[in-house]
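Presented below is the structure to which this report refers.
The values are calculated or read from the model by the stated rules, or taken from the named source; none is laboratory data. Please read these numbers as outputs of a predicted model, since none were measured by experiment. Note that each Cβ is placed from the backbone with ideal geometry, even for glycine, and that neighbours are counted across all protein chains shown.
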Amino acid sequence: MSWLTEDPTLLLVIGGLVLAMLAVAFVKTGRVVVLLWALLVAAMVGVGALIEQVIVTPREEVEQTIEAVRLAFLANSEADVLAHISSDAGGLQQQVGWAFRTIEVTEAKITDGPKIDVNPYNPPPSATAELIGSVKGRVRNDSVEHRIINKFIVRFSKRGDRWLIDEVKHELPFGNNQSAE
């Protein structure tokens, strides 16, 4: 059922094709029953689209958390970023603090992904997101802007009704962590 709650594209395409066939059948036959079937199909597609909008899956919750963190970085709000980090991730909290004291972010984008895997069976539920992020900014008290592009692997756990970041690993985007010699 995640095909409906995550992305209704398949439902909309199939519904559109069925409606097109029913429209052709109605034009050729002129039978009212075909029009009634078309209305029924349109209502079913509408209900399916409504279900997709109403139900927020764990994967979508993680995606919303990632977007909230991206926006917090863009706003240069250390407190908002830290609000999404687990209290168990002390080292990560220190890294974030250092980053905000050192760097002023002017642009934060996700250029690829996120690819999210959710494991609802762990106690607490967990998720892993893999994405490529691009951050542009400048060292405080410096006018030169720098761009950093990294591949991030972010591990989350669900605490109450929130997904919190437990760990972040980053590397060059194409798996090449070796220095140029």
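Observations
- Filter pass, THR128 being among the polar types (S, T, N, Q), under 16 Å from VAL168 (Cβ atoms) and part of a strand (DSSP E or B): yes
- Of the residues making up the range 81-102, those that are surrounded by 15 or more Cβ atoms within 10 Å (Cβ to Cβ) and assigned to a helix (DSSP H, G or I) number 7.
- THR57 falls short of the stated requirement of being modelled with pLDDT of 95 or more and either touching a helix residue (DSSP H, G or I) at 6+ places or on another chain (Cβ under 6 Å) or surrounded by 15 or more Cβ atoms within 10 Å (Cβ to Cβ) (or both).
- Boolean, VAL105 is outside any strand (DSSP E or B) and either without any contact (Cβ under 8 Å) to a residue 40 or more places away in the chain or small (Gly, Ala, Ser) (or both): no
- Residue in the range 119-139 that is surrounded by fewer than 17 Cβ atoms within 10 Å (Cβ to Cβ), aromatic (Phe, Trp, Tyr) and in the same structural domain as GLU63 (by TED's automatic domain parsing) present: yes
- The residue pairs whose first member lies in the range 70-82 and is under 18 Å from ASP112 (Cα atoms), whose second member is among the small types (Gly, Ala, Ser), and whose beta carbons are closer than 6 Å, counting only pairs six or more residues apart or on different chains, are ARG70/ALA108; PHE73/ALA108; LEU74/ALA108.
- Count - residues of the range 104-133 that are within 21 Å of ALA75 (Cβ to Cβ) and modelled with pLDDT under 90: 1
- Hits in the range 68-97 (condition: touching a strand residue (DSSP E or B) at 6+ places or on another chain (Cβ under 6 Å) and more than 16 Å from SER157 (Cα to Cα)): ARG70, PHE73, LEU74, ASN76
- Filter pass, VAL154 being out of contact with any Asp or Glu (no Cβ under 9 Å at 6 or more places or on another chain) and in a strand (DSSP E or B): no
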